[in-house]
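Presented below is the structure to which this report refers.
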Amino acid sequence: MQSRSPVMENRSCSAGWRQSRPRIRALLAAEQSPGHVAVEGWVRTVRHGKGVAFLAVNDGSCLASLQIVVDTAGPAGRALERVGTGACVRAAGRLIVSPGSGQRWELVADELVVLGPVDAAYPLQKKRHGPEFLREIAHLRPRTNLFGAVFRVRSKLAFAVHRFFQERGFLYVHTPIITANDCEGAGEMFRVTTLDPLRPPGDGTQIAWRDDFFGEKTGLTVSGQLEGELFAMAFADIYTFGPTFRAENSNTSRHAAEFWMIEPEMAFADLAADCALAEEFFRFLIQAVLAECPEELGFFEQHVAPGLIARLEAVAAAAFARMSYTEAVGALQRSGREFSFPVQWGGDLQSEHERFLSEQVVGGPLFVTDYPAELKAFYMRLNDDGRTVAAMDLLVPRVGEIIGGSQREERLEVLERRMRACGVDPAGLDWYLDTRRWGSCPHAGFGLGFERFLMYVTGVENIRDVIPFPRTPGNARF
RNA sequence: UCCCCAGUAGCUCAGUCGGUAGAGCAGGCGGCUGUUAACCGCCUUGUCCGUGGUUCGAGUCCGCGCUGGGGAGCCA
């Protein structure tokens, strides 16, 4: 074995970023042996013998680990005593067809370097851990099978989101993270300020926000929709994909204070077109994950959600159901089912109602459209009946509401009337109203919660387990 | 924020009627083996979430608090 200088030791980082470091995913998929290779990764398990030891090394490129075979008496054997579960190692040797069963390829090491040792306190073991425990060590959980699979799927799907819209000519727009709109009714905002909380300017009873950094009260965005609409009325088809913040004190498995939302907006589109886009988008993403992440889905199928793959394939093949709010209320009333909350026209659909509709009545994704105007936000277009708006929610089994959208009210007078009815001061949104004043057009859009989609597609039941470092009430660690 | 449940070794969990704490895994040592969450033997490990109370005696019963989970509301 050749000796290496310290510079050579790190050559994969400094000169030619991957020349000496094939990913384990590529090695395991090799048709023919590439011969002598070096891999770097983290040890999942060690099986010691007298003459030979086996390391399972994972580099995050795929679910499977590469088996490293080490002759305990050979040159690589000296490092073995420092190798435990969790250690970071580099191993070099020949990639050969494994004589053992359980893997096609294995690496017979002639060199083994412990880059980062571990001690007995390393919390991850080769046995299964519960998700609650792993959440407490969110800095280490990406090294597990489950979270490795989740975050590879997350990455693939994030890219697929862009591919979907870019292929269809949508413009990607970065709407502001810091904003002064707090009147969208979407949720409580986090305050953004540089004022000293102990000595704020003002007369002692009111804070003088004009002395704050932006000269007015600002917060983190709860939605990029209003700005997205402005861009749709210039670029026709646009989308946003970015972080969104809600300061709601929500303690559930499907709410986070910081999450990623995708918000397309289309000019010259009505509610039917909006639903059609949502359905095509949803199906595109499911087909993408089926095609690109089969190993990960297999893992979720086996360890997280039996039946997942068949469910996804069915959803990818079938048309989504559509039902107006009025029809949904009728279906619930006819069901004869006892609900803890009564069903009546004009009332909000409760979680139990939504779940019953998507899980029992339809057995899959379901658009509910045309809700009573009093239940929805001011910007949703008033229908001709005068009492419903062109809104839609996409409900899916287990997760619930995953998309919320609407055709927007493009008529200036109607919009102003709706704003006043909803208690929103039109003066604060003069720039938004300007688009209705000059060159207004019919348009529609929706918001998809990216994490909720990940929950649906992975079967993971808690939103905290599909975000790298979740932010929820009382928790901003890491 | 509301309702319900839980908190015991590094992890997963058992602990009877209130009587002074255990198993598997992990870790250590030894053995064996081209192993596959290897296996076999031996060994180590405790603020029983915190706090106050009831009791001769509390992991166990009661109050309060903290943390986590499930559900509800809000919503994506």
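The values are calculated or read from the model by the stated rules, or taken from the named source; none is laboratory data. Source: prediction; values computed, not measured. As a convention, Cβ positions derive from the backbone with ideal geometry for all residues, glycine included, and neighbour counts pool all protein chains shown.
Against the list (1) in contact (Cβ under 8 Å) with a residue 40 or more places away in the chain; (2) under 19 Å from A:Arg398 (Cβ atoms); (3) surrounded by fewer than 16 Cβ atoms within 10 Å (Cβ to Cβ), the condition A:Asp270 fails is (2). The condition (being surrounded by fewer than 14 Cβ atoms within 10 Å (Cβ to Cβ) and either within 15 Å of RNA strand B (Cβ to nearest atom) or part of a helix (DSSP H, G or I) (or both)) is satisfied by just one residue among A:Ala158, A:Ala121: A:Ala121.
Applying the criterion of being over 25 Å from A:Glu227 (Cα atoms) and in a strand (DSSP E or B) to the residues of segment A:429-478, the residue that is nearest to the chain's Cα centre (by Cα) is A:Thr472.
The residues of segment A:320-375 that are within 12 Å of RNA strand B (Cβ to nearest atom), touching a helix residue (DSSP H, G or I) at 6+ places or on another chain (Cβ under 6 Å) and part of a helix (DSSP H, G or I) amount to a single one, A:His353. Any residue in segment A:195-218 that is within 16 Å of RNA strand B (Cβ to nearest atom) and either crowded, with 19+ Cβ neighbours inside 10 Å or aromatic (Phe, Trp, Tyr) (or both)? Within segment A:195-218, none of the residues are within 16 Å of RNA strand B (Cβ to nearest atom) and either crowded, with 19+ Cβ neighbours inside 10 Å or aromatic (Phe, Trp, Tyr) (or both). The residue that is farthest from A:Ser33 (Cα to Cα), counting only those in segment A:82-104 that are surrounded by fewer than 17 Cβ atoms within 10 Å (Cβ to Cβ) and more than 8 Å from RNA strand B (Cβ to nearest atom), is A:Arg82. For segment A:163-179, a residue qualifies if it is touching a Phe, Trp or Tyr at 6+ places or on another chain (Cβ under 7 Å) and in a helix (DSSP H, G or I), and the qualifying residues are A:Phe164, A:Phe165. Looking only at segment A:47-81, residues that are of a type in the set (D, E, K, R) and either under 16 Å from A:Lys126 (Cα atoms) or more than 10 Å from RNA strand B (Cβ to nearest atom) (or both) come to 3 in all. Candidates in segment A:219-249 are the residues that are touching a Pro at 6+ places or on another chain (Cβ under 7 Å) and within 13 Å of RNA strand B (Cβ to nearest atom); of these, the one that is farthest from A:Gly404 (Cα to Cα) is A:Asn249. Taking (1) surrounded by fewer than 16 Cβ atoms within 10 Å (Cβ to Cβ); (2) away from RNA strand B (no atom under 16 Å from the Cβ); (3) basic (Lys, Arg) in turn, A:Arg311 satisfies each apart from (1).
For segment A:425-451, filtering for residues that are hydrophobic (A, V, I, L, M, F, W, C) and under 26 Å from A:Cys275 (Cβ atoms) leaves 5.
One residue stands out among those in segment A:285-298 that are buried (at least 19 other Cβ atoms within 10 Å of the Cβ) and out of contact with any Lys or Arg (no Cβ under 8 Å at 6 or more places or on another chain): the one that is nearest to A:Glu359 (Cα to Cα), which is A:Ile286. Close Cβ contacts (under 7 Å, 6 or more residues apart or on different chains) running from residues in segment A:332-345 that are closer than 12 Å to A:Gln360 by Cβ to residues that are at pLDDT 90 or above and part of a loop (DSSP other than H, G, I, E, B) comprise A:Leu332/A:Val343.
Only residues in segment A:117-140 that are farther than 22 Å from A:Arg47 by Cβ count as the first member; pair them with residues that are among the basic types (Lys, Arg) and near RNA strand B (Cβ under 6 Å from one of its atoms), Cβ under 7 angstrom, at least 6 apart or cross-chain, and list the lot. Listed pairs, sorted by first residue: A:Arg135/A:Arg464.
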